[in-house]
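Student: Supplied in structure tokens, the structure appears directly below.
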Amino acid sequence: MPTDAPAAPAAPAAAERNAAADRVTGLDALELGGATDRERLAARFWRSAWPKLLAVAIVIAAWQAVVLAELKPAYVLPGPAEVFDELGAIVTTGEFWDAVRLTMTRAVIGFLLAVVIGTVVGAAVATFAPLRAAIGSLITGLQTMPSIIWFPLAILLFQLSESAIMFVVIIGAAPSVANGLISGIDYVPRTWLRVGQVLGMRGIARYRHLILPASLPSFVSGLKQGWAFSWRSLMAGELLVIVPGALSIGVRLQSARELNEAALLIAWIIVVLLIGILIDVLFNAADNNLRRRWGLKQP
Amino acid sequence: MTAPVVSLAAVSKRYGRGADALLALDQVSLAVHKGEFVCLLGASGCGKSTLLSLVAGLDEISGGTLDIDGRRVSLMFQEAALFPWLTVSGNVELALRLRGVGRAERRRRAAELLDVVRLTGFADKRPHELSGGMRQRVALARSLAQDADVLLMDEPFGALDAMTRDILHDELERIWREQNLTVLFVTHNVREAVRLGDRVVLLSSRPGRVISDFEVGHPRPRRIDSAEVAELAATITDRLRAEVSRHAH
């Protein structure tokens with residue numbers, strides 16, 4: 001279109017600016033692609049629930065089959081119906097919840113102490129090379145030790161007390177927490193470190209804004225593993241170290257065995273399993289949430 | 001002419017010691033003036049990235065003088081390297097926070113910078129929700145947030161597809177002009193260098209030396225597929241080919 005008006009050049013320039021903006025937004029829209037179809041909550045729940053329900057059903061059926069085959073007398077190995085009756089009966093009692101509360105209090109306190117100690121030791125080892133040379137492999141060695149090994153020493157040191165149990169719980173869990181943090185710090189991508197340098201991060205700011213957040217996924221898996229170790233150590237501890245007057249889950253298990261109450265004993269085992277699963281679900285939820293936000297996992 | 005923003009005089013960079021030492025840069029002299037867009041071009045092993053690291057202060061020179069006179073420098077990489085634990089806006093705000101900018105001002109300035117790179121409306125997204133080109137624009141906004149006197153770019157569009165790269169060339173040119181930036185841009189793509197640069201500085205390989213310095217006089221905005229760009233690119237490519245063949249023996 002031929003134009004000779006003096007104002008004309010401004011208009012094409014503005015038009016070109018808009019066209020450039022359109023190209024950018026258009027490309028962005030194309031690259032982000034179509035909308036993802038979100039599954040309904042109920043459908044998603046069912047998809048993850050049915051294999052679990054099926055697995056439970058198979059285990060119970062196999063158990064029932066073994067009971068019906070009478071490989072063991074019924075007073076030693078009772079059937080699922082009897083055990084679930086027993087479980088139903090005990091969960092309505094105050095003693096049951098007292099035992100769960102006592103054991104969980106020990107578990108949580110022991111785990112938290114292990115997290116604090118593991119984090120401090122892990123951060124120190126990851127930061128100071130001589131310290132790593134000195135105790136780096138010791139931490140991994142401790143991690144592989146069965147925690148039950150520590151009980152004789154713990155009982156000598158602390159007698160039959162809460163401290164003996166805590167000692168073993170902490171020594172079981174802290175190395176995993178420390179190692180999770182150490183490998184998280186070791187594997188911070190080099191490009192992130194360079195960006196940190198370019199942005200002028202130094203000293204504490206570098207830890208706060210880069211190293212610690214960057215090592216979070218590895219730290220969370222260290223926590224998860226640490227929890228598993230502390231829970232196992234605690235169960236072993238409650239069976240071995242009977243603190244007078246403290247009627248924990250472990251004590252209940254032992255007394256069920258002493259009274260030959262097989263149904264009650266199995267009911268308590270199921271309780272321990274359920275608590276383990278519940279905590280694992282919580283850790284997985286935290287882990288999945290982190291992965292989703294970081295884009296390490298499809299939503 | 002005013003004093004250059006960045007000036008290198010006979011700068012050398014050696015890695016290692018003694019007989020095994022590798023000379024990455026040899027007697028490189030280069031001046032970048034305020035508002036200039038300089039492209040550094042070379043084949044593999046010419047030490048282009050080394051040179052940027054030296055200017056950015058990530059590495060120390062082995063000889064010569066490097067003068068940036070206390071000026072602030074920012075560096076962008078081929079990877080956007082955004083932090084996944086922060087939102088898009090959070091990534092830009094972090095650069096401001098590390099400069100001691102207050103919270104309210106950070107939010108305001110980050111929104112402004114996202115506007116500059118045309119990512120208004122993406123402030124609360126996570127980096128993984130964006131495309132590669134968009135992430136690179138966030139990285140640019142983060143660099144701008146440093147309010148540096150010189151922006152160093154190390155093959156920032158190297159990992160992008162041709163269409164995205166073409167559009168980002170336009171964007172970078174626009175932002176360079178609007179924000180009065182001084183850019184030192186490293187690439188191995190000859191047309192990209194001619195498309196963007198006021199000057200194209202050609203480096204030899206192993207060791208890196210400046211072998212020529214081309215003024216690109218063509219008016220802006222340029223198109224990467226225009227005849228003028230292609231013609232100068234062909235001349236530069238010939239120089240580069242000759243330089244590469246030198247290493248055959």
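The values are calculated or read from the model by the stated rules, or taken from the named source; none is laboratory data. The model shown is predicted, which means the values in this text are computed figures rather than measured ones. In this analysis, Cβ positions are derived from the backbone assuming ideal geometry, glycine residues included, and neighbour counts consider all displayed protein chains.
Student: Before we move on, is A:G237 without any contact (Cβ under 8 Å) to a residue 12 or more places away in the chain and either in a loop (DSSP other than H, G, I, E, B) or crowded, with 22+ Cβ neighbours inside 10 Å (or both)? Break it down into steps so the answer makes sense when it comes.
Tutor: Values: without any contact (Cβ under 8 Å) to a residue 12 or more places away in the chain: no; either in a loop (DSSP other than H, G, I, E, B) or crowded, with 22+ Cβ neighbours inside 10 Å (or both): yes.
So A:G237 fails the test.
Student: Hey, among the residues in region A:126-149 that are hydrophobic (A, V, I, L, M, F, W, C) and over 24 Å from the mean Cα position of the chain (by Cα), which one's farthest from A:G184 (Cα to Cα)?
Tutor: Of all residues in region A:126-149, those hydrophobic (A, V, I, L, M, F, W, C) come to A:126, A:128-129, A:131, A:133-135, A:138-139, A:142, A:145, A:148-149.
Next, only the ones that are over 24 Å from the mean Cα position of the chain (by Cα) stay: A:128-129, A:131, A:133-135, A:149.
Values: A:F128: 15, A:A129: 16, A:L131: 17, A:A133: 18, A:A134: 19, A:I135: 17, A:I149: 29 Å.
The extreme case among them is A:I149.
Student: Being at the interface with chain B (Cβ under 7 Å from one of its Cβ atoms) and surrounded by 14 or more Cβ atoms within 10 Å (Cβ to Cβ) is the filter here; which residues of region A:183-207 pass it?
Tutor: Listed by number, the residues that qualify are A:W192, A:R194, A:V195, A:Q197, A:V198, A:L199, A:G200, A:M201, A:A205.
Student: Quick check on B:I211: is it part of a strand (DSSP E or B), among the β-branched types (V, I, T) and either under 17 Å from B:G42 (Cβ atoms) or in contact with a Ser or Thr (Cβ under 7 Å, 6 or more places away or on another chain) (or both)?
Tutor: Working: part of a strand (DSSP E or B): yes; among the β-branched types (V, I, T): yes; either under 17 Å from B:G42 (Cβ atoms) or in contact with a Ser or Thr (Cβ under 7 Å, 6 or more places away or on another chain) (or both): yes.
Yes.
Student: I'm trying to understand the selection: among the residues of region B:83-116, which are among the acidic types (D, E) and within 14 Å of chain A (Cβ to nearest Cβ)?
Tutor: B:E93, B:D115
Student: All but one of (1) over 25 Å from B:A31 (Cα atoms); (2) small (G, A, S); (3) within 12 Å of another protein chain (Cβ to nearest Cβ) hold for B:A148; state the number of the condition that does not hold.
Tutor: It is condition (1) that B:A148 fails.
Student: Could you go through region B:131-140 and let me know if any residue there is farther than 14 Å from A:V198 by Cβ, away from every other protein chain (no Cβ under 11 Å) and surrounded by fewer than 19 Cβ atoms within 10 Å (Cβ to Cβ). Don't jump to the end; show me each part of the working.
Tutor: Taking region B:131-140 as the starting set, the residues that turn out to be farther than 14 Å from A:V198 by Cβ are B:131-138.
When the remaining residues are screened for being away from every other protein chain (no Cβ under 11 Å), the result is B:136, B:138.
Applying the additional criterion that residues be surrounded by fewer than 19 Cβ atoms within 10 Å (Cβ to Cβ) yields none.
No, region B:131-140 contains no residue that is farther than 14 Å from A:V198 by Cβ, away from every other protein chain (no Cβ under 11 Å) and surrounded by fewer than 19 Cβ atoms within 10 Å (Cβ to Cβ).
Student: With respect to B:P156, determine if the residue is in contact with a Leu (Cβ under 7 Å, 6 or more places away or on another chain) and either within 15 Å of A:D28 (Cβ to Cβ) or more than 9 Å from every other protein chain (Cβ to nearest Cβ) (or both).
Tutor: Numbers: in contact with a Leu (Cβ under 7 Å, 6 or more places away or on another chain): no; either within 15 Å of A:D28 (Cβ to Cβ) or more than 9 Å from every other protein chain (Cβ to nearest Cβ) (or both): yes.
In short, no.
Student: Given the conditions (1) more than 26 Å from A:N260 (Cβ to Cβ); (2) more than 14 Å from chain B (Cβ to nearest Cβ), and given that A:G33 satisfies all but one, which numbered condition is not satisfied?
Tutor: The failed condition is (2).
Student: Then there is this: Within the group A:L278, A:L210, A:L290, A:L273, which residue is within 14 Å of chain B (Cβ to nearest Cβ), in a helix (DSSP H, G or I) and free of Cβ contacts under 8 Å to residues at least 24 places away in the same chain? Quick ask: steps written out before the conclusion?
Tutor: Numbers: A:L278 fails: within 14 Å of chain B (Cβ to nearest Cβ); A:L290 fails: free of Cβ contacts under 8 Å to residues at least 24 places away in the same chain; A:L273 fails: within 14 Å of chain B (Cβ to nearest Cβ).
Going through A:L278, A:L210, A:L290, A:L273 in turn, just one is within 14 Å of chain B (Cβ to nearest Cβ), in a helix (DSSP H, G or I) and free of Cβ contacts under 8 Å to residues at least 24 places away in the same chain: A:L210.
Student: Say we look at region B:199-244 and pick out the residues that are among the hydroxyl-bearing types (S, T, Y) and surrounded by 18 or more Cβ atoms within 10 Å (Cβ to Cβ); which of these is nearest to B:L40 (Cα to Cα)? Steps first, please.
Tutor: Let us first name the residues in region B:199-244 that are among the hydroxyl-bearing types (S, T, Y), namely B:204-205, B:212, B:226, B:235, B:237.
Cutting the leftovers down to surrounded by 18 or more Cβ atoms within 10 Å (Cβ to Cβ) gives us B:204-205.
Values: B:S204: 11, B:S205: 12 Å.
By that ranking, first place goes to B:S204.
Student: Mind listing just one residue for me: the one in region B:165-207 that is of a type in the set (V, I, T) and not in a helix (DSSP H, G or I) and, of those, farthest from A:A19 (Cα to Cα)?
Tutor: Here is the first cut: in region B:165-207, the residues of a type in the set (V, I, T) are B:167, B:175, B:182-183, B:186-187, B:190, B:194, B:200-201.
Narrowing the set further to residues that are not in a helix (DSSP H, G or I) leaves B:182-183, B:186-187, B:200-201.
Values: B:T182: 26, B:V183: 25, B:V186: 28, B:T187: 27, B:V200: 29, B:V201: 32 Å.
Once the filter is applied, the top-ranked residue is B:V201.
Student: Continuing with the same structure: Evaluate the following for A:R232: is it among the charged types (D, E, K, R), within 19 Å of A:F111 (Cβ to Cβ) and in contact with a helix residue (DSSP H, G or I) (Cβ under 8 Å, 6 or more places away or on another chain)?
Tutor: Numbers: among the charged types (D, E, K, R): yes; within 19 Å of A:F111 (Cβ to Cβ): yes; in contact with a helix residue (DSSP H, G or I) (Cβ under 8 Å, 6 or more places away or on another chain): yes.
In short, yes.
Student: Determine, yes or no, whether A:G180 is touching a helix residue (DSSP H, G or I) at 6+ places or on another chain (Cβ under 8 Å) and within 14 Å of chain B (Cβ to nearest Cβ).
Tutor: Details: touching a helix residue (DSSP H, G or I) at 6+ places or on another chain (Cβ under 8 Å): yes; within 14 Å of chain B (Cβ to nearest Cβ): no.
When the stated conditions are applied, A:G180 does not pass them.
Student: With the structure loaded, tell me whether B:D67 is of a type in the set (D, E) and without any contact (Cβ under 8 Å) to a residue 24 or more places away in the chain or whether it fails that test. Give the derivation first.
Tutor: Working: of a type in the set (D, E): yes; without any contact (Cβ under 8 Å) to a residue 24 or more places away in the chain: no.
Criteria not met by B:D67.
Student: For region A:244-287, give me each residue that is of a type in the set (K, R) and either buried (at least 19 other Cβ atoms within 10 Å of the Cβ) or in contact with a Cys (Cβ under 9 Å, 6 or more places away or on another chain) (or both). Explain how you work it out, then say what you get.
Tutor: To start, the set of residues in region A:244-287 that are of a type in the set (K, R) comprises A:252, A:257.
Matches in region A:244-287: A:R252 only.
Student: Return yes when B:I236 is touching a Phe, Trp or Tyr at 6+ places or on another chain (Cβ under 8 Å), within 22 Å of B:L8 (Cβ to Cβ), touching a residue at least 24 places away in the same chain (Cβ under 8 Å) and assigned by TED's automatic domain parsing to the domain that holds B:D170 and no when it is not. Please lay out each step first, then the result.
Tutor: Numbers: touching a Phe, Trp or Tyr at 6+ places or on another chain (Cβ under 8 Å): yes; within 22 Å of B:L8 (Cβ to Cβ): yes; touching a residue at least 24 places away in the same chain (Cβ under 8 Å): yes; assigned by TED's automatic domain parsing to the domain that holds B:D170: yes.
Here the answer is yes, as B:I236 does meet what is asked.
Student: OK, next. Taking the residues in region B:49-82 that are small (G, A, S) and in contact with an Asp or Glu (Cβ under 7 Å, 6 or more places away or on another chain) as candidates, determine which candidate is nearest to the other protein chains (Cβ to nearest Cβ). Explain how you work it out, then say what you get.
Tutor: First pass over region B:49-82, keeping only residues small (G, A, S): B:49, B:53, B:56-57, B:62-64, B:70, B:74, B:80-81.
Checking the rest, the ones that are also in contact with an Asp or Glu (Cβ under 7 Å, 6 or more places away or on another chain) come to B:49, B:53.
Details: B:S49: 11, B:S53: 9 Å.
Result: B:S53.
Student: Hey, among A:G88, A:G94, A:G118, A:G79, which residue is over 20 Å from A:A267 (Cα atoms) and either of a type in the set (G, A, S) or touching a Phe, Trp or Tyr at 6+ places or on another chain (Cβ under 7 Å) (or both)?
Tutor: On the way: A:G88 fails: over 20 Å from A:A267 (Cα atoms); A:G94 fails: over 20 Å from A:A267 (Cα atoms); A:G79 fails: over 20 Å from A:A267 (Cα atoms).
None of the other options fit; the residue is A:G118.
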